[in-house]
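Peer 1: First, the structure itself, so that you have it in front of you.
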Amino acid sequence: MAVNLLDFDLEGLTAYCESLGEKRFRAVQLFRWIHQKGAADFDSMSDLAKSLRAKLAGVAEVRPLPVVSEHQSTDGTIKWLFDVGDGNAVETVFIPEEDRGTLCVSSQAGCAVACRFCSTGHQGFSRNLSTGEILAQLWFAEHQLHKRMGLAPSERVIDNVVMMGMGEPLQNYSALVPALRVMLDDHAYGLSRRRVTVSTSGVVPMIERLRDDCPVALAVSLHAPDDALRDDLVPLNRKYPIHELLAACRDYMAAAPRDFIMFEYCMLDGVNDSPEQAQALVQLMRRERVPCKFNLIPFNPFPASGLKRSPRERVLAFARVLQEGGFVTTVRKTRGDDIDAACGQLAGEVQDRTNARERMARRVISIAPASEVSP
Ligand code: SAH
Ligand code: SF4
């Protein structure tokens with residue numbers, strides 16, 4: 001099979017070009033064509049020698065992911081389902097905001113962490129995405145939307161990437177890091193480290209490695225103030241308990257591009273949403289001294305979970321306790337009640353793609369927009 005050039009960061013592409021007898025500056029040119037201009041056809045790369053274009057056409061390709069479906073909500077949010085083969089699909093969500101565009105990217109088909117409140121987790125793990133499959137989501141969204149919006153070549157659509165789609169990015173570390181490097185590379189997407197966020201359920205050794213290899217913004221899915229509850233909600237906690245996780249977060253600060261860790265907390269009715277639990281969280285963070293902010297996510301229910309979303313007043317009361325405790329807290333605003341469109345929730349529907357397509361066609365999308373409100 002042809003070599004997929006989306007699998008390479010600039011260093012990798014340079015090595016590949018050298019293996020074809022080409023110098024580094026050719027790799028830079030090629031890299032810019034692919035990621036800055038969105039080119040996939042080597043013939044269109046007019047400043048590359050004809051001989052190189054012919055050579056590349058014989059051995060390499062820029063391999064996009066086939067689109068299964070696209071849905072747009074009234075607020076402009078767009079969600080794509082991409083086919084990754086063998087009946088698996090992953091989702092990517094574009095969230096336009098006034099001053100920026102955010103892309104929510106998947107790292108795995110399924111997820112092995114099996115959090116109780118996550119439908120991707122309930123689905124089980126299918127496989128890791130390759131670097132090329134992670135980047136194909138960004139490559140497609142950026143250039144597709146750029147074209148649709150009729151923007152100038154220098155303008156960018158996406159200036160913020162969050163690894164919050166399907167999968168646990170830190171359990172796909174070797175594919176993740178080159179993908180992050182391409183996001184950050186000035187010859188590619190040129191995103192600021194502060195605007196690329198890895199969200200993790202807490203793979204402690206990999207948080208440590210990320211700090212050394214490619215320190216981008218870090219979000220940690222906490223969901224509970226103590227180990228007993230977190231063991232139950234996020235099974236990975238049995239391996240890496242809260243104390244170790246928070247120590248890794250503290251260490252991460254030495255290299256982090258932001259001066260806080262974002263803790264995500266999914267609000268589950270009667271499970272983790274009491275004022276006492278909020279108070280316990282305040283105590284925990286004071287004790288552990290992790291500079292942090294909280295983002296409370298109202299749970300997006302799905303039938304198999306047996307869980308319910310916390311009522312709005314309870315979410316706001318929880319947020320108030322955290323704020324009074326001195327922690328900046330935001331509540332992710334959820335619009336509409338179409339739960340199927342929420343992050344991670346398409347995972348279960350792609351085993352049979354024919355059915356998935358039919359269901360997708362009937363679906364009206366409504367996703368939590370990126371705008372956040374302070375309580
Ligand atoms: N695996 C990573 C990133 C993907 S999940 C992680 O767990 O951080 C991205 C975010 O969506 C996480 O904070 C996760 O807790 C949250 N999430 C998962 N299922 C959800 C649901 N049903 N309702 C609300 N948030 C959910
Ligand atoms: Fe995996 Fe994140 Fe879902 Fe947990 S919340 S099962 S880590 S994708």
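Peer 1: Check K55, K37 and return the single one that is more than 16 Å from ligand 1 (Cβ to nearest atom), of a type in the set (D, E, K, R), in contact (Cβ under 8 Å) with a residue 40 or more places away in the chain and over 29 Å from L222 (Cβ atoms).
Peer 2: It is K37.
Peer 1: While we're looking at this one, here's another question. What's the number of the condition A109 fails, among (1) of a type in the set (G, A, S); (2) in contact with a Leu (Cβ under 9 Å, 6 or more places away or on another chain); (3) more than 26 Å from H223 (Cβ to Cβ)?
Peer 2: In the conditions (1) of a type in the set (G, A, S); (2) in contact with a Leu (Cβ under 9 Å, 6 or more places away or on another chain); (3) more than 26 Å from H223 (Cβ to Cβ), A109 misses (3) alone.
Peer 1: What are the pairs, 6+ residues apart or on separate chains, where a residue within region 214-238 that is touching a residue at least 12 places away in the same chain (Cβ under 8 Å) and among the basic types (K, R) has its Cβ under 9 Å from a residue that is more than 14 Å from ligand 1 (Cβ to nearest atom) and not in a helix (DSSP H, G or I)?
Peer 2: Here the result reads R230/P241, each pair linking region 214-238 to a residue that is more than 14 Å from ligand 1 (Cβ to nearest atom) and not in a helix (DSSP H, G or I).
Peer 1: On to the next question. Name the residues in region 123-172 that are within 15 Å of T92 (Cα to Cα) and part of a strand (DSSP E or B), would you?
Peer 2: N160, V161, V162, M163
Peer 1: Further, regarding this structure: Evaluate the following for R181: is it crowded, with 18+ Cβ neighbours inside 10 Å, more than 13 Å from ligand 2 (Cβ to nearest atom), in a helix (DSSP H, G or I) and charged (D, E, K, R)?
Peer 2: yes
Peer 1: Just checking, how many residues over region 154-169 are closer than 14 Å to V198 by Cβ, of a type in the set (A, V, I, L, M, F, W, C) and more than 14 Å from ligand 1 (Cβ to nearest atom)?
Peer 2: 0
Peer 1: Which condition number does E98 fail, the rest of (1) more than 16 Å from ligand 2 (Cβ to nearest atom); (2) closer than 30 Å to M149 by Cα; (3) touching a residue at least 12 places away in the same chain (Cβ under 8 Å) being met?
Peer 2: With respect to (1) more than 16 Å from ligand 2 (Cβ to nearest atom); (2) closer than 30 Å to M149 by Cα; (3) touching a residue at least 12 places away in the same chain (Cβ under 8 Å), E98 is out only on (3).
Peer 1: Among strands (runs of 3 or more DSSP E) lying entirely in region 17-112, which contain 3 or more residues that are closer than 21 Å to E155 by Cβ?
Peer 2: Fully inside region 17-112 and qualifying: 88-96, 101-104.
Peer 1: How many of the residues making up region 122-153 are touching a residue at least 60 places away in the same chain (Cβ under 8 Å) and within 14 Å of ligand 1 (Cβ to nearest atom)?
Peer 2: 3
Peer 1: Does region 175-196 contain any residue that is of a type in the set (V, I, T), in contact (Cβ under 8 Å) with a residue 40 or more places away in the chain and within 13 Å of ligand 1 (Cβ to nearest atom)?
Peer 2: There is no residue in region 175-196 that is of a type in the set (V, I, T), in contact (Cβ under 8 Å) with a residue 40 or more places away in the chain and within 13 Å of ligand 1 (Cβ to nearest atom).
Peer 1: Right, something else. Can you confirm whether I242 is within 15 Å of T329 (Cα to Cα) and assigned by TED's automatic domain parsing to the domain that holds F318?
Peer 2: So I242 fails the test.
Peer 1: Hey, any hits in region 205-217 for a residue that's at pLDDT 95 or above, within 12 Å of ligand 2 (Cβ to nearest atom) and assigned by TED's automatic domain parsing to the domain that holds M267?
Peer 2: Scanning region 205-217, I find no residue that is at pLDDT 95 or above, within 12 Å of ligand 2 (Cβ to nearest atom) and assigned by TED's automatic domain parsing to the domain that holds M267, so the answer is no.
The values are calculated or read from the model by the stated rules, or taken from the named source; none is laboratory data. Please read all numbers here as calculations on a predicted model, not as lab measurements. Don't worry about glycine lacking a Cβ; one is built from the backbone with ideal geometry, like all the others, and counts go over all protein chains shown.
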